[in-house]
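The values are calculated or read from the model by the stated rules, or taken from the named source; none is laboratory data. As the structure is a computational prediction, the values presented were derived from the model and not from experiment. Note that we place each Cβ from the backbone using ideal geometry, even for glycine, and neighbour counts take in every protein chain shown. Note: areas computed on protein heavy atoms with side chains; ligands, DNA, RNA excluded. Shrake-Rupley method; radii C 1.70, N 1.55, O 1.52, S 1.80 Å.
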Amino acid sequence: MKTRLLLFTTLILGMSVSVFAQSFSYQSSSLPELSRSSMDIADYDGDGDLDLVVGGMLDSFGAATYLFENQEGTFVETDVELPAISDGVVLFADVDMDGDMDLFLSGNGNTEPFTALYMNEGGSFTSADISVTPMGGNTDAAFGDYDKDGDLDLLVSGNDETFLYNYDEGEFTSVAHPFVNLNYATTKWVDYDNDGDLDLALAGELGAVPATRIYTNVDGEFEESGIVLQDVMSGDMAWGDYDNDGDKDLAIVGFDEYLTGKTMVYRNDGDGAFKNLSVNILGVSKSTADWGDMDNDGDLDLLVSGSCDDCGVLMTSIFENDNGSFSDIFPGFQNTERGDARFADYDNDGDVDVLVFGQNLGGDYLSLVYQNDARDNSYHANEAPAKPANLSVDNLGNEVVLSWSAASDDFTPQNSLTYNVRVGTTPGGDEIINCMSGGDGALLLPGMGNANQSLSLQLTHLPVGTYYWSVQTIDHQYHASEFTDEQSFSITATGIDHPENEMAVYPVPFTNSLTVKAPGADFKQAVLMDLTGKTILQKEIKGSQATFNTAALTQGIYILQMQSEKEMISRKIVK
């Protein structure tokens with residue numbers, strides 16, 4: 001019966017491919033055929049196109065890692081020698097903040113577990129001495145500035161361990177954290193609650209069962225969010241604003257506790273509420289997922305690849321987003337598992353293509369490049385978004401809030417645009433906030449901007465001096481606008497004019513709610529005003545604190561004021 005089911009499924013898929021597969025064409029390439037693989041895509045040489053690093057198993061006995069330079073849409077192998085990695089992770093990241101992409105690798109080597117960092121020095125890569133524990137296979141890693149000090153910190157999870165490393169002045173230091181120790185892990189930094197700092201999502205095997213966790217960042221410390229999601233392992237997570245409502249939604253793939261493949265899409269409704277959409281997508285494990293706007297219609301579609309173990313088939317396909325409903329476009333891709341699949345505009349023609357590594361049902365190792373072809377009259381190449389406008393600086397001693405107005409784009413709705421901020425101590429520099437963009441504004445590392453969907457960015461503990469900054473807009477295709485004309489501001493004193501240390505306010509920036517804690521029992525009233533002094537919200541302080549419902553407020557700068565019979569204190573705060 002299972003054989004008949006498989007034949008029937010194959011026939012249906014074949015019929016569907018022949019009828020509907022008109023949008024992607026297979027491209028021959030010199031890429032190595034790899035399984036148990038990981039890849040990353042970035043412009044490491046700064047020439048305006050996306051290059052590729054990939055590591056995995058060449059056969060049952062040996063692994064390899066390759067760096068490819070993109071030469072006018074053709075991936076050409078470089079002579080850069082990198083250690084062999086499989087069952088792990090390869091990542092581009094500008095760790096030393098010098099404006100080019102460095103390389104991080106972690107996984108199984110051919111003889112022993114291997115974790116390494118290679119610094120990019122004019123296109124040559126040199127091994128760096130780092131204090132990071134070798135992790136071996138079944139691991140994942142992610143870079144992100146969780147403490148908002150301007151440099152990239154590192155999270156590595158796998159082999160029943162999870163490490164958080166704080167990066168400062170060339171050194172990675174392991175720091176305490178509350179995260180679960182996982183095997184077969186996947187990890188993603190994400191600002192899921194839109195409060196201006198990076199939270200953490202983890203999934204993998206915890207003991208003998210799968211686990212999925214989200215940890216909320218509260219002033220650089222993490223606490224478990226309590227958000228209940230499908231527990232998975234041996235899979236992937238992908239964050240993206242598929243419904244264009246201004247927050248990030250979540251796709252999850254992998255094994256559940258019964259070793260059944262799952263594919264889930266959760267809508268982020270704010271305040272920690274995630275709704276399972278119950279999408280009609282084949283559940284997969286040994287899998288990967290990615291969001292991208294494949295048809296340039298302004299919303300995110302979903303790429304899924306993996307194994308349906310209980311029905312005996314593999315899948316690699318794109319599910320088109322039609323107003324929040326997902327349907328298979330049957331692009332005719334080779335079905336794979338145990339690999340990696342990504343959207344990427346490798347040929348720079350204004351639409352996202354697809355790269356796939358993995359193995360098929362017969363165990364053959366594959367490398368596949370699919371070019372996104374024109375989609376008749378409904379298709380248009382994606383143009384760069386507009387630059388932000390109305391840049392302003394609110395200077396509060398050694399704390400500043402940089403803000404701007406929302407931009408626009410030809411396809412991506414305004415709510416879903418993200419923003420990338422550059423801040424330096426020299427004109428054109430990025431010594432304080434690295435934007436990972438080239439001189440022409442093109443992203444070196446495709447992704448959301450470092451300010452995410454916020455229209456402001458808060459910087460604290462700045463020393464006395466003059467600073468230079470500008471902002472660019474990024475759309476769903478990770479196509480970036482030019483940077484705005486450079487602005488500057490000066491820090492002349494490090495003292496805070498208002499008694500902020502006496503008033504506890506969180507979160508900062510705030511989103512749907514704002515809590516203020518009074519410095520003493522005499523304070524009975526909390527008032528939230530706009531910059532003109534007009535009262536927006538007013539709350540009685542009970543039990544030393546008050547909480548405002550701020551969901552209806554627009555993004556911007558507000559004044560928070562607390563009053564007692566003897567004094568009044570206030571501070572500016574950002575949504």
For L34, all conditions in the list (1) over 17 Å from Q359 (Cα atoms); (2) buried (at least 22 other Cβ atoms within 10 Å of the Cβ); (3) in contact with a Ser or Thr (Cβ under 9 Å, 6 or more places away or on another chain) hold save one; what is the number of the exception?
-> (1)
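Output the residue which, of all residues in segment 224-241 that are part of a loop (DSSP other than H, G, I, E, B) and out of contact with any helix residue (DSSP H, G or I) (no Cβ under 9 Å at 6 or more places or on another chain), is most open to solvent (accessible area, probe 1.4 Å). Spell out the reasoning first.
Residues of segment 224-241 that are part of a loop (DSSP other than H, G, I, E, B), as a first pass: 225-232, 241.
Restricting the remaining residues to those that are out of contact with any helix residue (DSSP H, G or I) (no Cβ under 9 Å at 6 or more places or on another chain) gives 225-232.
On the way: S225: 38, G226: 57, I227: 23, V228: 122, L229: 16, Q230: 36, D231: 52, V232: 2 Å².
This residue is V228.
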Candidate set: segment 342-359, residues that are farther than 12 Å from D49 by Cβ and among the aromatic types (F, W, Y); chosen: the one surrounded by the fewest Cβ atoms within 10 Å (Cβ to Cβ) | F343
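I want to confirm something. Restricting to segment 454-467 and keeping residues that are in a loop (DSSP other than H, G, I, E, B) and at pLDDT below 90, which single residue is surrounded by the most Cβ atoms within 10 Å (Cβ to Cβ)? Break it down into steps so the answer makes sense when it comes.
Looking only at segment 454-467, we keep the residues that are in a loop (DSSP other than H, G, I, E, B), and these are 454-455, 460-464.
Now restrict to residues that are at pLDDT below 90: 454, 460-464.
Values: S454: 24, T460: 14, H461: 9, L462: 20, P463: 9, V464: 10.
By that ranking, first place goes to S454.
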Report yes if some residue within segment 130-141 is free of Cβ contacts under 8 Å to residues at least 12 places away in the same chain and either open to solvent by less than 40 Å² (accessible area, probe 1.4 Å) or part of a loop (DSSP other than H, G, I, E, B) (or both); otherwise report no.
-> no
Give L537, L553, L528, L560 a once-over and let me know the one that is part of a loop (DSSP other than H, G, I, E, B), of a type outside the set (S, T, Y), open to solvent by less than 60 Å² (accessible area, probe 1.4 Å) and at pLDDT 75 or above.
-> L553
Only one of these is open to solvent by 40 Å² or more (accessible area, probe 1.4 Å), part of a strand (DSSP E or B) and modelled with pLDDT of 95 or more: V54, V76, V90. Name it.
-> V76
Checking Y118 against (1) at pLDDT below 95; (2) not in a loop (DSSP other than H, G, I, E, B), the condition it does not meet | (1)
Considering residues of segment 260-293 that are within 18 Å of D236 (Cβ to Cβ) and part of a loop (DSSP other than H, G, I, E, B) only, the residue most open to solvent (accessible area, probe 1.4 Å) | L282
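Tally time: how many residues in segment 100-123 are on the phi > 0 side of the Ramachandran plot and either within 22 Å of the chain's Cα centre (by Cα) or surrounded by 22 or more Cβ atoms within 10 Å (Cβ to Cβ) (or both)?
Count: 1.
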Exclusive hit being open to solvent by 10 Å² or more (accessible area, probe 1.4 Å), of a type in the set (S, T, N, Q) and either at pLDDT 95 or above or in contact with a Phe, Trp or Tyr (Cβ under 8 Å, 6 or more places away or on another chain) (or both), set N323, N335 = N335
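What residue, among those in segment 496-525 that are polar (S, T, N, Q) and open to solvent by less than 40 Å² (accessible area, probe 1.4 Å), is modelled with the highest pLDDT? Steps first, answer last, please.
From segment 496-525, those polar (S, T, N, Q) are 501, 511-513, 515, 525; that's our starting set.
With open to solvent by less than 40 Å² (accessible area, probe 1.4 Å) added as a condition, the list becomes 511, 515.
Values: T511: 77, T515: 82.
Among those residues, the one meeting the criterion is T515.
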Selection within segment 143-156 - of a type in the set (A, V, I, L, M, F, W, C) and open to solvent by less than 10 Å² (accessible area, probe 1.4 Å) = L154, L155, V156
Which of the residues belonging to segment 196-223 are under 15 Å from the mean Cα position of the chain (by Cα) and either surrounded by fewer than 18 Cβ atoms within 10 Å (Cβ to Cβ) or not in a strand (DSSP E or B) (or both)?
-> G196, D197, L198
Count of residues meeting criterion [at pLDDT below 95 and either among the polar types (S, T, N, Q) or in a strand (DSSP E or B) (or both)] in segment 178-195 | 1
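Which strands (runs of 3 or more DSSP E) sit wholly inside segment 347-438 and have at least 1 residues that are more than 26 Å from E169 (Cα to Cα), of a type in the set (D, E, K, R) and at pLDDT 90 or above?
Details: elements: 353-359, 365-372, 389-396, 399-405, 418-424.
Because the criterion is at least 1 residues that are more than 26 Å from E169 (Cα to Cα), of a type in the set (D, E, K, R) and at pLDDT 90 or above, the strands (runs of 3 or more DSSP E) in segment 347-438 that meet it are 353-359.
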Matching residues in segment 163-177 (more than 16 Å from A142 (Cα to Cα) and assigned to a strand (DSSP E or B)) number 2
Within segment 247-259, residues being crowded, with 18+ Cβ neighbours inside 10 Å and more than 23 Å from A341 (Cα to Cα) number 1
